[in-house]
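Note sheet for the following structure.
Every number here is computed from the coordinates shown, using simple stated rules; none is lab data. Since this is a predicted model, take the numbers as computed values, not measurements. Positions of Cβ are generated from backbone atoms using ideal geometry, with glycine treated the same way; all protein chains shown enter the neighbour counts.
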Amino acid sequence: MHLDPLAIITAFGLIFLAELPDKTMFASLAMGTRMRPLYVWFGTSSSFIVHVAIAVGAGSLIGLLPDWVVKLVSASLFALGAFLLLRGSGGDDDDEAEVKTVTGFWPVYSTAFMAVFISEWGDLTQITTANLAASNGTWSTAIGSAAALMSVSALALLAGKFIAKRVPLKTVQRIGGICMLGLAVWTAVEIFTG
């Protein structure tokens, strides 16, 4: 098992920025206001780990393709991610669902786990994690991505209201979109220069 610190930092940074304006952050915040935050965090974190494992597995399969194909797929996925982030969230703010008060570890854990597990399928962060695993290594990407997702959930539970009031989500989306666009261009250039 080889760990690349740069790949871990890259995965953490990209996934963190992509997940901040996501509906999962708002779901964590909403659940944390009506349920015990630590239990919510355990549930969301467990679900994120499962999704990272699935995404890294898919990325490892992509990594078996010829190098130029992997870079072309990576550049395309980064470009898609940039497009999705730069075009805006388009209504995630309106997706507030009423959450019933739930007590006890297992009910809170399972509610948080299922809410994230269902909402993260095909999500930008899952696609980005698979993309990074194909080119940057399985374990490094898994560690960076899981840490980023778990950090965003913790951040939402601890300081979500502060962030929502102080940092416009459009700004976070634009920074993440520009980073992804830069990676798309860089990867596309590598097809022809490498």
(message) For residue 106, project a label point 7 Å along Cα to C-beta. Then give me every residue of the stretch 40-77 with its amide nitrogen under 16 Å of that point.
(response) 43
(request) State, to one decimal in nm, how far the label point of residue 175 lies from the label point of residue 6, with both points 7 Å from Cα in the Cβ direction. (result) 2.2 nm
(request) May I ask you to order 8-20, 25-37, 66-78 by the average number of other C-beta atoms within 10 Å around their residues, highest value first? (result) 8-20, 25-37, 66-78
